[in-house]
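Below you'll find the structure, written out as structure tokens, and then a few comments.
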Amino acid sequence: MDSSLESSSSSNGMPVRCCRTCKIIVIGDAGVGKTCLTHRFCTGQFPSRTEATIGVDFREKVLDIEGEKVKVQLWDTAGQERFRKSMVQHYYRNVHGIVFVFDVTNPISFRNLPLWMDECRQHALGPDIPRALVCNKADLVTSTITSVLIEQARHLAEVHGMSFYLTSAKGRKGDQVDSIFVTLAKSLKSQRSQSVNECVLQCRSESFAIPAKIIIAQESKKKWACIC
Ligand SMILES: Nc1nc2c(ncn2[C@@H]2O[C@H](COP(=O)(O)OP(=O)(O)OP(=O)(O)O)[C@@H](O)[C@H]2O)c(=O)[nH]1
Ligand SMILES: [Mg+2]
């Protein structure tokens, strides 16, 4: 799916603003809480019941990032192999950000993280794409075993240059859940600003053979596929 340029109309029918769309995929083993996390972020609620995701579920939320509207489009993917097989190619197309999730009560879901990272690499998602590692179900943390797992996860995140979050989709406060997606959207925005700045500098230092506006548009497209 492509990112898109959206516009809304004012009362006189003129477009009044546009909104960048960023695609963030949420991946990890079955049952780790991907659906609950994305649902919590978009609605503020923990779903009363969920079923295994089949293929993908889409959720969206428009954020105001430093005065700019950014539509965060979440791809809540299926963890079960049989429900994701036919969709994998679509998951990894035009991705702007990645959220890896594991369940703190399920060490296997932690040990499987390298497989999810490999799948990203196989689909040409490089380390330049902002990513987060989420240790979910923090409300169930009880023993030293889970504390050790959390420290290992923190280390893994550091090694791979990812931000780390200990969250509960069920907890009373949803701040940490919000932070995952808001921080990713912010880093995408700053990444884009940087690419535009680099571009402007490049235009200044080169011969202006190509109009600056066109180069900026091309650079922006790489990152967001949408310029306003
Ligand atoms: N206690 C607790 N339970 C959670 C939390 N997040 C999810 N769950 C429960 O974990 C189970 C699986 O949650 P889902 O969000 O459906 O998991 P998923 O990763 O989307 O699973 P698939 O769609 O099969 O890949 C459900 O019973 C949820 O209620 C959490 O933060 N705390
Ligand atoms: Mg799900």
* Among the residues of the stretch 58-92, write down those that are assigned to a loop (DSSP other than H, G, I, E, B) and exposed (fewer than 13 other Cβ atoms within 10 Å of the Cβ). => E66, G67
* Structure fact -> Residue pairs within 6 Å by beta carbon, gap of at least six or interchain, first lying in the stretch 20-47 and within 14 Å of W116 (Cβ to Cβ) and assigned to a helix (DSSP H, G or I), second among the charged types (D, E, K, R) and near ligand 1 (Cβ under 8 Å from one of its atoms), listed first then second, are K34/D76
* If we scan the stretch 112-121, do we find a residue that is closer than 17 Å to D57 by Cβ, more than 12 Å from ligand 1 (Cβ to nearest atom) and not hydroxyl-bearing (S, T, Y)? -> no
* What are the residues in the stretch 162-185 that are away from ligand 1 (no atom under 15 Å from the Cβ), crowded, with 16+ Cβ neighbours inside 10 Å and in a helix (DSSP H, G or I), if any? -> F181, V182, L184, A185
* Given the conditions (1) modelled with pLDDT of 95 or more; (2) surrounded by fewer than 12 Cβ atoms within 10 Å (Cβ to Cβ); (3) touching a helix residue (DSSP H, G or I) at 6+ places or on another chain (Cβ under 9 Å); (4) not polar (S, T, N, Q), report the number of the one that V159 does not fulfil. => (3)
* In the stretch 76-91, is there at least one residue being touching a residue at least 24 places away in the same chain (Cβ under 8 Å) and at positive phi? -> no
* Structure fact -> Given the conditions (1) among the β-branched types (V, I, T); (2) out of contact with any Leu (no Cβ under 9 Å at 6 or more places or on another chain); (3) within 28 Å of I145 (Cβ to Cβ), every one holds for I54 apart from (3)
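The values are calculated or read from the model by the stated rules, or taken from the named source; none is laboratory data. Treat the numbers as computed from the prediction; the structure is a model and nothing was measured. Positions of Cβ are backbone-derived with ideal geometry, glycine not excepted, and every protein chain shown enters the neighbour counts.
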